[in-house]
Amino acid sequence: MAASFMLRSSFLSPPSPQLHHQSPSKSNHTIHFINPIKATASTNDAIIPPQKHRRPADENIREEAARRPTSSHNFSARYVPFNADPSSDEWYSLDEIIYRSRSGGLLDVQHDMDALKKFDGQYWRSLFDSRVGKTTWPYGSGVWSKKEWVLPEIDSDDIVSAFEGNSNLFWAERFGKQFLGMSDLWVKHCGISHTGSFKDLGMTVLVSQVNRLRKMHKPVVGVGCASTGDTSAALSAYCASAGIPSIVFLPANKISMAQLVQPIANGAFVLSIDTDFDGCMQLIREVTAELPIYLANSLNSLRLEGQKTAAIEILQQFDWQVPDWVIVPGGNLGNIYAFYKGFMMCKELGLVDRIPRLVCAQAANANPLYLHYKSGWKDFQPVKANTTFASAIQIGDPVSIDRAVFALKNCDGIVEEATEEELMDAMAQADSTGMFICPHTGVALTALFKLRNSGVIGPNDKTVVVSTAHGLKFTQSKIDYHSKEIKDMECRFANPPVEVKADFGSVMDVLKKYLLSKNAKH
């Protein structure tokens, strides 16, 4: 199986080794070169001088990319059964429409690591760094800036991208100091993205591959997903950009209006179904087995290829220094494996020498992984997920349970949980220091509180909390909290507005009282 990708470098490498199993429909692909980057390769490498072109006014960035000098390499990827026996010879082209292995297990995207290893860690670090902040197609995206590690065989003209990724990694200075006694706490705000959640990272990959399949005249009339909100927003936006029909199954009355309006506005065909997420997931799997609708849920391992780039971005933003801990909210559990995979690829290809310990944080009302972890990884049992403010992780039978367990076992990972009151209090505390996070990030912060209080995470440990969605999607839960209208919840950090008469004296009295109270604290 061959690969096509665009590589910004002035160096050529010799053809890389072929995979053991070759696709009969092998074709040559191209790489685009712009900036000189030193690579460890053979002495036969030819040097192409850097090309500097000013794009004509009547030429778009896709056309500009197409006219750059090119050369061929053989990076490739394929589907294999997840965690298969090394002797297994089962594999599938990424151009096949398939979601499960012959045994019914999960699939994984396997890259030709031997071909990637022809370039050393310094080469990949320099290449990825050279693309940050650019508008060069398609590398302005935080996902497609790692194209060789994501979908190496896709033509760049087939990519559907909103230049997603490159999300903010910010120092939570006051929150860390005031509430946790930590000096090196960071928040990776994946919610600062095109549709307001990390789901964009995976959806650009999946919809790009669907775009490719449709151009190949594969039987795909649309793309469908079950969703608790964010997946449907990302799917509908990217499909709308590509002109591909999207179909969304939503659990009725279980997502915020801010999440519901996104797929509607993007023109998706939305079905509001009287069930929970797990019920919607079962239905979409049955429907996609009968109709030519491509399945977009995280059962589809293509999405994880995009999501893993957030892990690579974290290392990149730390100038390739490895944090001690990364805490990720967990629902369907694809994300925890995606982060593990991103970190491991960086280690295996020599960009870093170790990986961080991962923590998966679950809501106590939907905590099957936590229960599995506390049992010593004995037989997994799904649960009936109860209502949680962290609605995107209200999942009792996660598709990626095997992936999550594999990742956590291999990085000495931990699983924690958060009650509804704990997660809402943590969200309010974070917001009071200038954030504006989603309830799922509140779950992750609760896990951090517990691990910090127990001494597992030290005061100087470099720790990253992954924020998965923007707080603006969950304003009603914040309103209810600060209004103290949540049943059986104390709402200890509520900050409701103060009602005051419209006269100078009343306003002055209230302000003096407030300022005196603030002064007393300092």
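Rounded to the nearest 20 debye, the dipole size of the chain about its Cα centre is 1020 debye, using +1 on the Cβ of Lys and Arg and -1 on the Cβ of Asp and Glu. Each residue of the stretch 132-171 gets 67 Å³ once the volume of the Cα convex hull is shared out per residue. Within the stretch 123-179, the trypsin sites (Lys or Arg not before Pro) that combine a DSSP coil assignment with at most 16 other C-beta atoms in a 10 angstrom radius are Lys134.
Determine the share of the chain's accessible area contributed by carbon and sulfur atoms, expressed in whole percent, with a 1.4 angstrom probe.
On the way: 11180 of 21870 Å².
Roughly 51 percent of what the probe reaches on the chain is carbon or sulfur.
The residue among Ala366, Leu206, Leu271 whose Cα reaches farthest toward the positive pole of the charge dipole of the chain, with charges on the beta-carbon of Lys, Arg, Asp and Glu, is Leu206.
Could you work out the relative contact order of the chain? I mean the mean sequence separation of Cα pairs under 8 Å and 6+ apart, divided by the number of residues, in percent.
Numbers: 1058 pairs, mean separation 65.2, N = 522.
Reported relative contact order: 12 percent.
Please compute the per residue accessible area over the chain with all protein chains in place, 1.4 Å probe, rounded to a whole number of Å². It would help to have the intermediate numbers written out before the result.
Working: 21870 Å² over 522 residues.
Using a 1.4 Å probe on heavy atoms only, each residue of the chain averages 42 Å².
Between Asn495 and Ala258, what FRET efficiency follows from the Cβ-Cβ distance if R0 is 22 Å, with the result rounded to 0.05? Intermediate results must be reported in sequence, preceding the final value.
Working: r = 21 Å, r/R0 = 0.96.
That pair, Asn495 with Ala258, gives E of 0.55.
Positive end of the dipole of the chain, charges at C-beta (+1 Lys, Arg; -1 Asp, Glu), about the Cα centre: which of Ala392, Leu295, Gly442 has its Cα farthest in that direction? Comparing the listed Cα positions along the dipole, Gly442 ranks first. Here the stretch 153-187 and the stretch 212-290 have alpha carbon centers that stand 26 Å from each other. In the chain, the longest principal axis of the Cα atoms and the axis of helix 401-410 are about 90 degrees apart. The angle between the Cα long axis of helix 439-453 and the main principal axis of the chain comes to about 80°, on a 0 to 90 degree scale.
Within the set Lys409/Lys450; Lys215/Lys308; Lys347/Lys384; Lys254/Lys484; Lys177/Lys473, which residue pairs have Cα atoms separated by over 30 Å?
Working: Lys409/Lys450 20 Å; Lys215/Lys308 26 Å; Lys347/Lys384 38 Å; Lys254/Lys484 21 Å; Lys177/Lys473 27 Å.
Among Lys409/Lys450; Lys215/Lys308; Lys347/Lys384; Lys254/Lys484; Lys177/Lys473, the Cα-Cα distance tops 30 Å for Lys347/Lys384.
Counted over the stretch 310-374 with a bin width of 5 Å, the fraction of Cα pairs per bin, in whole percents, is 4, 18, 27, 21, 13, 10, 6, 1, 0.
In a solvent-free Debye calculation with one equal scatterer on each Cα, what is log10 I(q)/I(0) for the chain at q = 0.08, 0.13 Å⁻¹, listed in the order of the q values? Each listed q corresponds, in turn, to -0.52, -1.29. With both labels modelled 7 Å from their Cα along Cα-to-Cβ, the Gln282 to Lys513 distance reads 5.5 nm. With an 8 Å Cα cut-off and a minimum separation of 6 or more residues, compute the relative contact order for the stretch 182-318 in percent. Averaging sequence separation for qualifying contacts and normalising by length gives 29 percent for the stretch 182-318. Helical content of the chain, expressed as a calculated mean residue ellipticity at 222 nm, amounts to -10000 deg cm²/dmol (DSSP H runs of 4 or more residues, -39,500 (n - 2.57) each, divided by residue number, nearest 500). Taking Cα atoms only, the orientation of helix 277-290 departs from the longest principal axis of the chain by about 20 degrees. Using bins 5 angstrom wide from zero, how does P(r) for the stretch 402-441 break down, in % of all Cα pairs? Percent of pairs per bin, in order: 5, 21, 19, 12, 14, 17, 9, 1. Highest-first packing order for the peptide set 459-467, 136-144 is 136-144, 459-467, based on the mean count of other beta carbon atoms within 10 Å. From the Kirkwood radius over Cα pairs of the stretch 472-519, Stokes-Einstein at 37 °C and 0.692 mPa s returns a whole-number translational diffusion coefficient of 256 µm²/s.
The values are calculated or read from the model by the stated rules, or taken from the named source; none is laboratory data. Values in this document were obtained by computation on a predicted structure and should not be read as measured data. Because the Cβ atoms are built from the backbone with ideal geometry, glycine has one as well, and the counts that use them run over all protein chains shown. For the accessible areas, the whole protein counts, side chains as well, though only heavy atoms, and no ligand, DNA or RNA atoms are used. Shrake-Rupley method; radii C 1.70, N 1.55, O 1.52, S 1.80 Å.
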